[in-house]
Amino acid sequence: MKGLVVVGTLAVLLVALTGCVSPVGAPIMGAIYTDVMGPGAVNDLTAGFSKVGQAKATGIIFVATGDASINTAAKSVGITKIHHVDVEYMSILGVYGEVTTTVYGQ
């Protein structure tokens with residue numbers, strides 16, 4: 001009986017914690033592990049993309065930090081004309097997650 005209570009408690013905790021840092025907006029999510037790339041935006045197809053900038057935000061359980069904005073990614077390498085943007089989503093059991101924004105432009 002005691003083992004059943006422990007297993008039940010662990011199951012409830014797992015369900016409660018799952019999704020706490022799951023990346024919102026990911027094109028598809030895995031329950032255990034997610035590592036997918038999705039489209040961000042297309043701005044100026046006439047601009048080249050000789051520069052590539054990245055920005056990242058991370059989260060663990062109930063705390064998330066970082067700046068994965070397009071603006072931060074563009075400024076990191078001096079992009080003034082954005083060609084397109086990709087976004088990568090990674091999550092492990094909803095306990096740890098990362099969002100990386102990649103900006104291509106000149």
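We did not get these values from a lab; they are worked out from the coordinates using the rules stated. Computed from a prediction, not measured in an experiment: that's the story for all the values here. All Cβ positions, even for glycine, are placed from backbone atoms using ideal geometry, and neighbour counts span all protein chains on display.
Just one of the numbered conditions (1) in a helix (DSSP H, G or I); (2) loosely packed, with under 11 Cβ neighbours inside 10 Å; (3) aliphatic (A, V, I, L, M) is not true of Ile28: (1). Within segment 82-106, the residues that satisfy the criterion of being over 20 Å from Leu45 (Cβ atoms), hydroxyl-bearing (Ser, Thr, Tyr) and surrounded by 15 or more Cβ atoms within 10 Å (Cβ to Cβ) are Tyr89, Ser91, Thr100.
Of the residues Ile70, Ile61, Ile79, the single one that is of a type in the set (Val, Ile, Thr) and surrounded by fewer than 19 Cβ atoms within 10 Å (Cβ to Cβ) is Ile61.
Among residues of segment 51-62 that are without any contact (Cβ under 8 Å) to a residue 12 or more places away in the chain, none has a beta-carbon under 6 Å from a residue that is β-branched (Val, Ile, Thr) at least six positions away or on a different chain. The set of residues in segment 51-68 that are part of a loop (DSSP other than H, G, I, E, B) and out of contact with any Phe, Trp or Tyr (no Cβ under 9 Å at 6 or more places or on another chain) comprises Phe62, Asp67, Ala68.
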